[in-house]
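Asks: Mind looking over this structure? Questions follow.
The values are calculated or read from the model by the stated rules, or taken from the named source; none is laboratory data. Note that the structure is predicted; figures quoted are calculated from it, not measured. Here the Cβ is made from the backbone with ideal geometry for all residues, glycine too, and neighbour counts use every protein chain on show. Protein only, heavy atoms only, side chains kept; ligands, DNA and RNA dropped before computing areas. Shrake-Rupley method; radii C 1.70, N 1.55, O 1.52, S 1.80 Å.
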Amino acid sequence: MNNSKSIFLRYFAICSAVILVSFCCLGTVLLLVSSRYFIDEKKSLLLKNAKALASYTQEKMLEDPEDWRDDCAGEMKDYSISCNADFVLSDGEGYIVISTGKTENGISTADLEQFGENGSYVYSDLDGAIGETSHIMGVQFKANGPTYYMLAYSPKSDQDDYIWNIMEIFIISAVLVLIVVMFLVYFATLKLTEPIKEIAAVSKKLGAGDFSA
């Protein structure tokens, strides 16, 4: 009886371990793919919006060199709401002209030099200027002489929230599926180990000298 029970438990444990390892591997792959997808999509969106706002701001500066700030601030705010990101307009010296997010202080010229006219990506907090490590896309442009920088950024916390939501759905689904699968594996194991149990019982009888089996 103990032999039969041992065979069942071993077979059930092996099947359960294979299933659990498979789910862990699937969760790891999902985590990596979700993270990569978020970053790629966010970079593309930030670059597109940074370029659009840089072009809009440049046009407004050329049209109305004195009173362009209000129009540009409103446009940046609308973009910020629509794409769930923040924007910063800085001059070439690092002074923040307009910002839709919480900015601590100016941006160093060394940080600004990373951004070109075609747009550049960095993963940084710009030496604390934007308060949190973020995915940043920056575009350099000129208007009425001076150089300006339009920066679009999305905090790392947004990425963490996105990935956690994905993993939360996966974990809940995985637990429900595991309960069903374990239930099925239990009864399948009983069925599959039945012949082995019978062989073990017959072998035990033969070992005891009972050849009637």
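Asks: Inspect all residues belonging to the range 38-54 and state whether any of them is touching a helix residue (DSSP H, G or I) at 6+ places or on another chain (Cβ under 6 Å), surrounded by 18 or more Cβ atoms within 10 Å (Cβ to Cβ) and without any contact (Cβ under 8 Å) to a residue 24 or more places away in the chain.
Replies: No, the range 38-54 contains no residue that is touching a helix residue (DSSP H, G or I) at 6+ places or on another chain (Cβ under 6 Å), surrounded by 18 or more Cβ atoms within 10 Å (Cβ to Cβ) and without any contact (Cβ under 8 Å) to a residue 24 or more places away in the chain.
Asks: State which residue is nearest to the chain's Cα centre (by Cα) when the search covers only the range 127-156 and only residues that are open to solvent by 40 Å² or more (accessible area, probe 1.4 Å) and farther than 16 Å from Asp91 by Cβ.
Replies: Lys156
Asks: Can you say whether Ser35 is surrounded by 15 or more Cβ atoms within 10 Å (Cβ to Cβ), over 24 Å from Val139 (Cβ atoms), modelled with pLDDT under 90 and among the small types (Gly, Ala, Ser), as far as the supplied structure shows?
Replies: yes
Asks: Taking the range 55-68 as the search range and keeping residues that are touching a residue at least 12 places away in the same chain (Cβ under 8 Å) and either closer than 15 Å to Met137 by Cα or hydrophobic (A, V, I, L, M, F, W, C) (or both), which one is surrounded by the fewest Cβ atoms within 10 Å (Cβ to Cβ)? Break it down stepwise before answering.
Replies: From the range 55-68, those touching a residue at least 12 places away in the same chain (Cβ under 8 Å) are 55-58, 60-62, 65; that's our starting set.
Those still in the list that are either closer than 15 Å to Met137 by Cα or hydrophobic (A, V, I, L, M, F, W, C) (or both) too: 55, 61-62.
Numbers: Ser55: 13, Met61: 20, Leu62: 11.
Filtering first and then ranking leaves Leu62.
Asks: Let me ask another. Of the residues that sit in the range 83-112 and are charged (D, E, K, R) and farther than 27 Å from Glu41 by Cβ, which one is least open to solvent (accessible area, probe 1.4 Å)?
Replies: Let us first name the residues in the range 83-112 that are charged (D, E, K, R), namely 86, 91, 93, 102, 104, 111.
Restricting the remaining residues to those that are farther than 27 Å from Glu41 by Cβ gives 91, 93, 104.
Numbers: Asp91: 36, Glu93: 147, Glu104: 123 Å².
Looking at residues that are charged (D, E, K, R) and farther than 27 Å from Glu41 by Cβ, I get Asp91.
Asks: Going through the range 165-187 one residue at a time, which ones are open to solvent by less than 60 Å² (accessible area, probe 1.4 Å) and touching a residue at least 60 places away in the same chain (Cβ under 8 Å)? Give the derivation first.
Replies: As a first pass, look at the range 165-187 and keep what is open to solvent by less than 60 Å² (accessible area, probe 1.4 Å): 166-167, 170, 173-174, 178, 181-182, 185.
Across the range 165-187, the qualifying residues are Ile166, Met167, Phe170, Ala174, Leu178, Val181, Met182, Val185.
Listed here are the residues, each with its yes/no results for (1) on the phi > 0 side of the Ramachandran plot; (2) among the polar types (S, T, N, Q); (3) in a helix (DSSP H, G or I).
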| site | (1), (2), (3) |
| --- | --- |
| Ile107 | no, no, no |
| Ala110 | no, no, yes |
| Glu117 | no, no, no |
| Phe141 | no, no, no |
| Asn144 | yes, yes, no |
| Ser154 | no, yes, no |
| Asp160 | no, no, yes |
| Ala174 | no, no, yes |
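Asks: Considering Asp86, Asp91, Asp71, which residue is within 31 Å of the chain's Cα centre (by Cα), more than 15 Å from Ser120 (Cβ to Cβ) and not aliphatic (A, V, I, L, M)?
Replies: Sole residue among the options that is within 31 Å of the chain's Cα centre (by Cα), more than 15 Å from Ser120 (Cβ to Cβ) and not aliphatic (A, V, I, L, M): Asp86.
Asks: List every residue pair whose Cβ atoms lie under 6 Å apart, where the two residues are 6 or more positions apart in sequence or sit on different chains, the first residue falls within the range 139-160 and is among the polar types (S, T, N, Q), and the second residue, located anywhere, is surrounded by fewer than 16 Cβ atoms within 10 Å (Cβ to Cβ).
Replies: Short answer, once both residue conditions are applied: Gln140/Gly116; Gln140/Glu117; Asn144/Pro65; Thr147/Gly92.
Asks: Also, I was wondering about something else. With respect to Cys24, determine if the residue is open to solvent by less than 50 Å² (accessible area, probe 1.4 Å) and either part of a helix (DSSP H, G or I) or of a type in the set (A, V, I, L, M, F, W, C) (or both).
Replies: No; evaluated as a whole, the condition is false for this residue.
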